[in-house]
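Contents: one structure, followed by commentary.
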Amino acid sequence: MSRYEYNKRWRIKNPLARNVQRQRYYHKHSSGPKGGDDWTLKDEQIILDPNRPCDVILSQNLGRSVRAIQIKRSRIKNKTFDNADDSPVN
């Protein structure tokens, strides 16, 4: 059995343990509450830069949690993707 198959089976059998590990990881790398400050254009450019450091280092530099950075990056990419679609919606 390959490592991939083993991990896949483990994730299916242990969904709660996996969530606990994920929460522990995010809590470990959170830099404290930011308070919902607005994202600056510079912050957005940094998190979208292809040569950016990993999210943990970005978290420390920007003073935001890893989760906040990942969510913001996802929202920016989805927004860009939605705006690029010029086809009519029926």
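Bear in mind that the values in this text are calculations on the coordinates, not laboratory data. Note that the structure is a prediction, hence the values are computed from the model and not measured. All Cβ positions, glycine included, derive from the backbone under ideal geometry; neighbour counts span all protein chains shown.
Place the peptides 52-60, 11-19, 65-73, 40-48 in order of packing, highest mean first, counting for every residue the other Cβ atoms within 10 Å and averaging per peptide.
Answer by packing, highest mean first, reads 65-73, 52-60, 40-48, 11-19.
State, to one decimal in nm, how far the label point of residue 7 lies from the label point of residue 79, with both points 7 Å from Cα in the Cβ direction.
Placing both labels 7 Å along Cα→Cβ, they lie 3.2 nm apart.
Measuring from the lowest to the highest alpha carbon on each principal axis, how far does the stretch 3-84 reach, largest first, in angstroms?
For the stretch 3-84, the Cα spread along each principal axis is 42, 34, 23 Å.
Applying 1/(1 + (r/R0)^6) with R0 = 30 Å to the Cβ-Cβ distance of residue 18 and residue 60, what FRET efficiency is obtained, to the nearest 0.05? Spell out each step's value before the answer.
On the way: r = 25 Å, r/R0 = 0.84.
Using R0 = 30 Å, I get an efficiency of 0.75.
For residue 8, give me every one of the lysines with a C-alpha distance below 29 angstrom, ignoring sequence neighbours fewer than eight places off in its own chain.
28, 72, 77
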